[in-house]
Amino acid sequence: MKVLVIGSGGREHALVWKIAQSPLVKKVYCAPGNPGIGRLAENVALKVDDLNGLLEFAKREQIGLTVVGPELPLSLGIVDLFEENGLKVFGARKNAAIIEASKAFSKDLMKKYHVPTAAYEVFSEVEPAIAFLDTLGLPVVIKADGLAAGKGVIIAQTREEAVATVKDMLSGNAFGEAGSRVVIEEFLRGEEASFLAFTDGRNIIPLASAQDHKAVFDNDTGPNTCGMGAYSPAPVVTPAIHEKAMAEVMRRTVDGMAAEGRPYRGVLYAGLMIDGDSVKTLEFNARFGDPECQPLLMRMKSDIVPVLLATAEGDISAIELEWHDKAAVCVVMAAGGYPGDYPRGDVISGLETAAAMEDLFVFHAGTAEKDGKFVTNGGRVLGVTALGATVKEAIDRAYAGVKAISWKGVHYRTDIGKKALGR
Ligand code: AMP
Ligand code: GLY
């Protein structure tokens, strides 16, 4: 079978790496891919939002399965389009991907189906929004309703900042149309975890537990990014927390989406806040997390293609997933300045040294090739991902890889996985 992966980040490199190992797969394509992906798959110069171009390509090449990485094509309806054309495709349909594309939708869904989450209200006018945030205390969380590339959440520490943020979003200055409605919600304390599961709309198969590191600097300081590193398993997800997340978050959400006439098929990602034995949902994503996907797929023992195919076909009841006992840690190497402005085109050295390291793989995210060399071409540049007998061993291996690699102005966190060691 031929498989097409859509996207160009570390998540897609990990997907291509895992899919290419399947005995069911003859050839992997990636659109648009990146130079690292190009070592394992054939890159296709089509953008992720070029739905018709992707459809034509998949038909022409007789692609047996298309796997959609990022949220944008899902929210534009790529799955609906491919299905209408009789093609097998892994991902949420447009009317289900709204669980990520609209925070107001997902909060209202959670309220209706009793999925535990922070207290909130949705506003499109400034005055009532300010009146509500005054009832919540500080800090207070303000979220742009629509897709904002992981940057639409502001945690305001002062009333002035909160009021300014609300005005900025609702006036359309910040995030444009995505901020024309805002969710204002209670600030939750605790430790976050990323809880992902495959679902066909009825059956739910959880992936191993994982934890992301959103803030750009050590000790969770500085602005939020799309993720500076991740590891699996995450000890904060104890067996009791796992049970609770499955029963109160995943089951209620999958059943709720079905009841709404929006059956959810694909991978459902819940961002959880865990505090003692309390589990609350911060957000849903309609896709694999990135970087979480990198350590998760390194730990996945089973062939991934059968579960992707069964999900696309709408019945995962016969699927069982096996995981390696080892832990995996991914450290993101980013361009200095990210998540703000950052330079591109810096030559990356040390990739060959890292490639020779045992139980380590360097997934590419924002790279390009210039004069036969890899150069930086994005905020998140590489995901250095390693396996170890324990989280500690995986951390040490990943950082040995990180230390072998460098470029001018490279930035990475030095404390990925630290919370796991504290437990
Ligand atoms: P979201 O896109 O909703 O996951 O928000 C991005 C990040 O903002 C989360 O990973 C949390 O770190 C933080 N966050 C979002 N909502 C809340 C909340 N209600 N309380 C505390 N932190 C939050
Ligand atoms: N790592 C967070 C996300 O993928 O949304």
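The listed residues are 400, 368, and the only one of them that is surrounded by fewer than 23 Cβ atoms within 10 Å (Cβ to Cβ) and closer than 16 Å to residue 34 by Cβ turns out to be 368.
Looking at 46, 54, 72, just one residue is touching a Phe, Trp or Tyr at 6+ places or on another chain (Cβ under 9 Å), modelled with pLDDT of 95 or more and not in a loop (DSSP other than H, G, I, E, B), and that residue is 54.
Within region 138-167, if we keep just the residues that are of a type in the set (Gly, Ala, Ser) and at pLDDT 90 or above, the residue that is nearest to ligand 2 (Cβ to nearest atom) turns out to be 156.
Any idea which of 45, 14, 31, 58 is of a type in the set (Gly, Ala, Ser), free of Cβ contacts under 8 Å to residues at least 60 places away in the same chain and under 19 Å from residue 293 (Cα atoms)? Among 45, 14, 31, 58, only 31 is of a type in the set (Gly, Ala, Ser), free of Cβ contacts under 8 Å to residues at least 60 places away in the same chain and under 19 Å from residue 293 (Cα atoms). The numbered conditions (1) away from ligand 1 (no atom under 16 Å from the Cβ); (2) crowded, with 24+ Cβ neighbours inside 10 Å are all true for residue 332 except (1). So is residue 170 within 16 Å of ligand 2 (Cβ to nearest atom) and out of contact with any Lys or Arg (no Cβ under 7 Å at 6 or more places or on another chain) or not? No: the conditions fail for residue 170.
Among the residues of region 348-363, are any assigned to a strand (DSSP E or B) and either at pLDDT below 95 or farther than 25 Å from residue 233 by Cβ (or both)?
Yes, that holds for at least one residue.
Counting only strands (runs of 3 or more DSSP E) that sit wholly inside region 203-281, those with at least 1 residues that are out of contact with any strand residue (DSSP E or B) (no Cβ under 7 Å at 6 or more places or on another chain) and of a type in the set (Asp, Glu) are 266-275.
If you take the residues of region 186-197 that are over 13 Å from the mean Cα position of the chain (by Cα) and within 16 Å of ligand 2 (Cβ to nearest atom), which of them is nearest to residue 318 (Cα to Cα)? Of everything passing the filter in region 186-197, 192 is nearest to residue 318 (Cα to Cα).
For region 78-160, please list each of the helices (runs of 4 or more DSSP H) lying entirely inside it that holds at least 2 residues being free of Cβ contacts under 8 Å to residues at least 60 places away in the same chain.
So the answer is 78-84, 103-112, 126-136.
Taking region 218-259 as the range and being touching a His at 6+ places or on another chain (Cβ under 9 Å) and within 14 Å of ligand 1 (Cβ to nearest atom) as the test, the residues that pass are 220, 225, 227, 228, 229, 230. Checking each residue in region 279-298 for being touching a helix residue (DSSP H, G or I) at 6+ places or on another chain (Cβ under 6 Å), among the hydrophobic types (A, V, I, L, M, F, W, C) and within 12 Å of ligand 1 (Cβ to nearest atom) picks out only 284.
Under the condition of being over 21 Å from the mean Cα position of the chain (by Cα) and among the aliphatic types (A, V, I, L, M), which residue from region 52-72 is surrounded by the fewest Cβ atoms within 10 Å (Cβ to Cβ)? Of everything passing the filter in region 52-72, 55 is surrounded by the fewest Cβ atoms within 10 Å (Cβ to Cβ).
Quick test for you: out of 212, 220, pick the one residue that is surrounded by 22 or more Cβ atoms within 10 Å (Cβ to Cβ), among the charged types (D, E, K, R), under 21 Å from the mean Cα position of the chain (by Cα) and within 15 Å of ligand 2 (Cβ to nearest atom).
None of the others qualify; the one that does is 212.
The residue of region 283-304 that is farthest from ligand 2 (Cβ to nearest atom), among those that are part of a strand (DSSP E or B) and more than 13 Å from residue 109 (Cα to Cα), is 300. Of the candidates 144, 215, 156, the single residue that is touching a Ser or Thr at 6+ places or on another chain (Cβ under 7 Å) and either among the aromatic types (Phe, Trp, Tyr) or under 23 Å from residue 288 (Cα atoms) (or both) is 215. Just a yes or no: is a residue in region 249-266 within 24 Å of residue 416 (Cα to Cα) and more than 16 Å from ligand 2 (Cβ to nearest atom)? No, that holds for no residue.
The values are calculated or read from the model by the stated rules, or taken from the named source; none is laboratory data. These numbers were taken from a predicted model, which means no experiment stands behind them. Don't worry about glycine lacking a Cβ; one is built from the backbone with ideal geometry, like all the others, and counts go over all protein chains shown.
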